[in-house]
Structures are given as C-alpha cells and as structure tokens.
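Report on the structure given below.
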Amino acid sequence: MSGALEKSLAILEYLAAYPDGVGLAQLSTDLGQLRSGCHRTLQELMRHGYVRQMPQRADYALTTKLASMGLSFLSKSGVVDIAQPVINRLAQATEELVRLAIVDGERLTLVAKA
C-alpha cells in the first residue's frame, strides 16, 4: 500500500472517533505524522469532500461522504431484503408506518416501507 494512501486512511479512521473535530497538532502527534504532511493530506481529503474544517475553529472533521457511500452500497447489496422483515415486525408492533431510507449526499432515498 502506498504511503499516501496509508496516511489518508489513518486520518479518516482517526477522525471517525472525533465527530466534533480535532486540531492538526493533536492529529499529527497522535498519528506520528509530520504536521506539514498531515496538513497536505487533509487538504486533499477536503478537496475530495471527505473532510471539512470546522467553521468556528481550525479543527478537522469527517463529512458524511463515507457514510453516504456505505449506505449507497448497502442499498444496492440487498440490505432491503434483510431489513424488510424487521421493518414489517416493527410496523406491526407499533401500528405505525415504518420507512427505511438511505442517505445519498443531500438526499434521502426511500428504499423500503411497511
């Protein structure tokens, strides 16, 4: 695996544990990466929409792009077949309409209901 890819994945995995964001100094120290290299990697991840910089401070946080990709994959991989019986039982038990939606960017895509 390339060094750049390993560093990028390490940053993404690290940021997943900090939903409120984390500063560059802490991130680079905890990951054992040079601050300048860490900053370059963060800039690339921001350019591609995986990371954002918090508006009130300089901390970095994940965007929902990875979650959206995962949910999009799940919606195409049979998750509805798996979830439908659970949705049916929940609807029956609560006597309420139950919907399963997948987040895709700014959109919610309804994939199942009972």
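Readers should treat all values here as calculations from the given coordinates under stated rules, not as data from a laboratory. Please read these numbers as outputs of a predicted model, since none were measured by experiment. Every residue, glycine as well, gets a Cβ built from its backbone with ideal geometry; the counts of neighbours run over all protein chains shown.
Annotations for the structure displayed:
- Volume per residue of the C-alpha convex hull in the chain, rounded to whole Å³: 140 Å³
- Taken about its Cα centre, the range 66-113 carries a charge dipole of roughly 80 debye when the Cβ of each Lys and Arg holds +1 and the Cβ of each Asp and Glu holds -1.
- Debye-formula intensities of the range 66-113, expressed as log10 I(q)/I(0) at q = 0.23 Å⁻¹, are -0.79 (one equal scatterer per alpha-carbon, no solvent).
- Among 8-17, 88-97, the order from most to least packed when residues are scored by Cβ within 10 Å on average: 8-17, 88-97
- Over the chain, dividing the summed -39,500 (n - 2.57) contributions of all DSSP H runs of at least 4 residues by the number of residues returns a 222 nm mean residue ellipticity of -17000 deg cm²/dmol.
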